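Encoded as structure tokens, the structure appears first; notes follow it.
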Amino acid sequence: MAKVVRFQRTGGPEVLTLEDAEVGDPGPGEARVRHAAVGLNFADTYFRTGLYPVAPPCGIGMEGAGVIEAVGPDVTGFAAGDRVAYTGSPLGAYSTERVMPVGSLVKLPEAIGFETAAAMMMRGLTSAYLMRRIWPLKAGDVILLHAAAGGVGLIVCQWAKLLGLTVIGTAGSEEKAALARAHGADHVILYRTEDVAKRVRELTDGVGASVVFDSVGADTIMGSLGAVKRRGLVVNFGTSSGPVQNFDLLQLAIHGSPYLTRPALADYIADPAERAELAGELFGHVAAGRIKIEVNQRYALADAVQAHRDLEGRRTTGSSVFVI
């Protein structure tokens, strides 16, 4: 019997329960994967609370790494024994093993461990499209990165320095600020005590950041607009403080005609060739040590409730994983 974390209704962390489940054999186009590690992401809380619509009862979790135990009929390119990792739908990664479409899997190089892979698939591929797809970033550009000590933040800090960018990060404490600096942030603004937009203007001689990467949402969107340069880009790719609602488009004209986008990772990895290209670049940087994945919290599946409480309480840094 497999162990699976599910929720019968949407709500707080307490709705998560650990259950026994029969996994079964893979069908056409599927593989049965035994997990070694599973990623914990803030996006998981969006499904649990119902911010992202789901129909309970259902599983939870979108990223994991492990070994293929069996493949279904007509599967090519994958075989039992392959080391694999994945991110994206269908939900259900919080489990010891699962059956899933092989189209979601990528082969994992031997140089990358399972915990590292589980911790970086969503965050790493998010960082990859932010750095390589969403804006023509060039050496010398200034970016503002909210939550610079978070899982995506630490990866983006490192990737940005490889591209020759100047990174202004935000953090909620001196401890998190030090962590962001250690991973490449040139400046870190303590958002609890400093005016982020004003400080960015000071650091850029009044120009502002070329691109603002905002994973916080409701609490930061206006500050992001205040910090971006004329005709720059604000990327709202997360909503840890809640979704941006009832946005007044006139604010774009007031703040220098910047572009505003709310992208989803799924739209950047839907094409298998593009996903393979982004994953290949990510894996190359990690395997070579140019980008380090910080796995700073480890949990058992039985501790899913506490893991979500820690995540929502902003008590985590870097990446978190469930170790199977």
Exercise. Across the range 160-183, which residue is nearest to Ser215 (Cα to Cα) among those that are in contact (Cβ under 8 Å) with a residue 60 or more places away in the chain and in a loop (DSSP other than H, G, I, E, B)?
Worked result: Gly172
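Out of all the residues in the range 1-60, which are part of a loop (DSSP other than H, G, I, E, B) and basic (Lys, Arg)? Step through it out loud before you land on a result.
The first filter runs over the range 1-60 and keeps only residues part of a loop (DSSP other than H, G, I, E, B), leaving 1, 8-12, 22-29, 41, 50-57, 60.
Scanning the range 1-60 gives a single hit, Arg9.
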Exercise. Quick check: is even one residue across the range 36-56 over 26 Å from Thr317 (Cα atoms), free of Cβ contacts under 8 Å to residues at least 40 places away in the same chain and either outside the structural domain of Gly280 (by TED's automatic domain parsing) or not charged (D, E, K, R) (or both)?
Worked result: yes
Seminar exercise, completed: If you go through Gln306, Gln245, Gln251, Gln297, the only one that is part of a strand (DSSP E or B), among the polar types (S, T, N, Q) and either touching a strand residue (DSSP E or B) at 6+ places or on another chain (Cβ under 9 Å) or not assigned by TED's automatic domain parsing to the domain that holds Ala37 (or both) is Gln297
Seminar exercise, completed: Out of (1) under 21 Å from Leu233 (Cα atoms); (2) outside any loop (DSSP other than H, G, I, E, B), the one Ala117 does not meet is (1)
For this session: Collect the residues in the range 233-283 that are modelled with pLDDT of 95 or more, closer than 30 Å to Gly103 by Cα and β-branched (Val, Ile, Thr), keeping them in residue-number order.
Result: Val235, Thr261
Exercise. Which numbered condition trips up Ala118, out of (1) outside the structural domain of Gly88 (by TED's automatic domain parsing); (2) among the aliphatic types (A, V, I, L, M); (3) at pLDDT 95 or above?
Worked result: (1)
Exercise. Can you tell me which residues in the range 169-221 are buried (at least 22 other Cβ atoms within 10 Å of the Cβ), within 21 Å of Ile291 (Cα to Cα) and more than 19 Å from the chain's Cα centre (by Cα)?
Worked result: Val188
Exercise. What about Leu91, is it assigned to a loop (DSSP other than H, G, I, E, B), crowded, with 16+ Cβ neighbours inside 10 Å, in contact (Cβ under 8 Å) with a residue 40 or more places away in the chain and not aromatic (Phe, Trp, Tyr)?
Worked result: yes
Seminar exercise, completed: Scanning the range 130-159 residue by residue, those assigned to a helix (DSSP H, G or I), crowded, with 24+ Cβ neighbours inside 10 Å and not hydrophobic (A, V, I, L, M, F, W, C) turn out to be Gly151, Gly153
Problem set entry | Residues satisfying the stated conditions in the range 257-272, i.e. in contact (Cβ under 8 Å) with a residue 60 or more places away in the chain, of a type outside the set (A, V, I, L, M) and part of a loop (DSSP other than H, G, I, E, B) | Pro263
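Can you find even one residue in the range 75-87 that is in contact (Cβ under 8 Å) with a residue 60 or more places away in the chain, of a type in the set (Asp, Glu) and either part of a loop (DSSP other than H, G, I, E, B) or surrounded by 17 or more Cβ atoms within 10 Å (Cβ to Cβ) (or both)? Working first, answer last.
To start, the set of residues in the range 75-87 that are in contact (Cβ under 8 Å) with a residue 60 or more places away in the chain comprises 87.
Add one more test, that the residue is of a type in the set (Asp, Glu), and what stays is none.
No - not one qualifying residue is present in the range 75-87.
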Exercise. Any residue in the range 223-239 that is assigned to a strand (DSSP E or B), in contact (Cβ under 8 Å) with a residue 40 or more places away in the chain, hydroxyl-bearing (Ser, Thr, Tyr) and touching a helix residue (DSSP H, G or I) at 6+ places or on another chain (Cβ under 8 Å)?
Worked result: no
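Is there a residue being within 18 Å of the chain's Cα centre (by Cα), buried (at least 16 other Cβ atoms within 10 Å of the Cβ) and either not in a loop (DSSP other than H, G, I, E, B) or not β-branched (Val, Ile, Thr) (or both) anywhere in the range 95-103? Break it down stepwise before answering.
We begin by selecting, within the range 95-103, every residue within 18 Å of the chain's Cα centre (by Cα); these are none.
No, the conditions are met nowhere in the range 95-103.
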For this session: Looking only at the range 44-62, decide whether some residue is over 25 Å from Leu311 (Cβ atoms) and among the acidic types (Asp, Glu).
Result: no
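The values are calculated or read from the model by the stated rules, or taken from the named source; none is laboratory data. Quick caveat, the model's predicted, so the values are computed rather than measured. Every residue, glycine among them, receives a Cβ derived from its backbone with ideal geometry; neighbour counts consider all protein chains shown.
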